Amino acid sequence: MTDKGYTNSGLLIETDVLEADLGADDLRVIDCNVVMGSKPGGGYDIKSGRSDYDEAHIPGAIFLDFLTELSGDHPSLRFMMPTPEEFARVVGEAGIGDEHRVVVYSRGANFWATRLFLMFRAFGFNNCRVLNGAWDKWSAESRPTTTGVPDYSDATFTPNPQPGQIIGKDEVLAAVQRKDTCLINALSPEIFSGATVNASYGRPGHIAGSVNLYAYDLINKTDNTFADAAALREKFQAVGVLDQKNIITYCGGGISATTDSFALMLLGRDDVALYDGSMTEWGPDESLPMSTLVN
């Protein structure tokens, strides 16, 4: 493995390292992918990734579904944080307990995996790593796959919620008024500027005062891994992030922004908050400040 210079390289696991570790009694691997496409005229077409898991997955991996298991109930927003008790029940019944080492992966840019990583972290569990390169790299390297589903015994997962890691609208509104906090929008430059309008977000543009760093620009196109530390640092520095005392990331629904959060953690920042509701909550509320870069 090439040293990419991360301060916190242990947050990632490389494909060869994971393959060598498969079968370890204390290892739990989670496929948590969601299939997400665009609808004509705006909005998203969202489907469970379970069928892809059923076709092939990493040996020993279980599937946890964001659509039915990993998201809290909300009258209008998808993929919001579950309660600590509900999260503990779901992962415990899947065979994940306090004593286990966890590896998470999804597909494409891997941001469903980084979302789940941040959820584990917000519930006080720090023995979780993200598979660098996701399923895409694993499959491209012809590493072992299976259709078999493991049957783990129930385990005890003890949540220990960590305040300030995944936050809501009120905390973000307060942060907008402060000069020591930087808000990062992880959506495309076209959506950030307001040139393209996503119907799910109500209004064009971005939260007033935020900067833009597209989540996909943090991922190497060649092998789907995170860019090295020097490249990540350059991208964040270019938008004035690294000198800020406090950082909040957001996107459309609190998913792709976790790529930005995770990249900052690789660089050694452990004070990054994620806005859970993101633009899906903020945009439709006319009382909340928005900006565009277009007339």
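Numbers at a glance
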read-out: For Asp154: the one exception among (1) in contact with a strand residue (DSSP E or B) (Cβ under 6 Å, 6 or more places away or on another chain); (2) part of a loop (DSSP other than H, G, I, E, B); value: (1)
read-out: Subset of the stretch 69-88 (residues that are within 16 Å of Ile255 (Cβ to Cβ) and without any contact (Cβ under 8 Å) to a residue 40 or more places away in the chain); value: Glu69, Ser71, Gly72, His74, Pro82
read-out: Failed item, numbered, when Asn33 is tested on (1) of a type outside the set (D, E, K, R); (2) farther than 28 Å from Tyr250 by Cα; (3) in contact with a Ser or Thr (Cβ under 9 Å, 6 or more places away or on another chain); value: (2)
read-out: Single condition Asp16 does not satisfy, out of (1) surrounded by 14 or more Cβ atoms within 10 Å (Cβ to Cβ); (2) over 22 Å from Ile166 (Cβ atoms); value: (1)
read-out: Matching entry among Ser142, Ser200 (being of a type in the set (Gly, Ala, Ser) and at pLDDT 95 or above); value: Ser142
read-out: Residue count, the stretch 83-137 (criterion: of a type in the set (Gly, Ala, Ser) and in contact with a strand residue (DSSP E or B) (Cβ under 6 Å, 6 or more places away or on another chain)); value: 5
read-out: Among (1) in the same structural domain as Pro59 (by TED's automatic domain parsing); (2) surrounded by 16 or more Cβ atoms within 10 Å (Cβ to Cβ), the one test that Gly124 misses; value: (2)
read-out: Ala24, sole failed condition from (1) among the hydrophobic types (A, V, I, L, M, F, W, C); (2) surrounded by fewer than 17 Cβ atoms within 10 Å (Cβ to Cβ); (3) in a loop (DSSP other than H, G, I, E, B); (4) at pLDDT below 95; value: (4)
read-out: Matching residues in the stretch 160-189 - criterion: being in a loop (DSSP other than H, G, I, E, B) and surrounded by fewer than 21 Cβ atoms within 10 Å (Cβ to Cβ); value: Asn160, Pro161, Gln162, Pro163, Gly164, Gln165, Gly168, Gln177, Arg178, Lys179, Asp180, Ser188
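Per-residue answers, yes or no, for (1) farther than 23 Å from Thr259 by Cβ; (2) within 16 Å of the chain's Cα centre (by Cα); (3) modelled with pLDDT under 95:
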residue: Glu55; (1), (2), (3): yes, no, no
residue: Leu70; (1), (2), (3): no, yes, no
residue: Arg78; (1), (2), (3): no, yes, yes
residue: Glu93; (1), (2), (3): yes, no, no
residue: Ala109; (1), (2), (3): no, yes, yes
residue: Phe117; (1), (2), (3): no, yes, no
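The values are calculated or read from the model by the stated rules, or taken from the named source; none is laboratory data. Bear in mind the structure is a predicted one, so any value in this text is a computation, not a measurement. Positions of Cβ are backbone-derived with ideal geometry, glycine not excepted, and every protein chain shown enters the neighbour counts.
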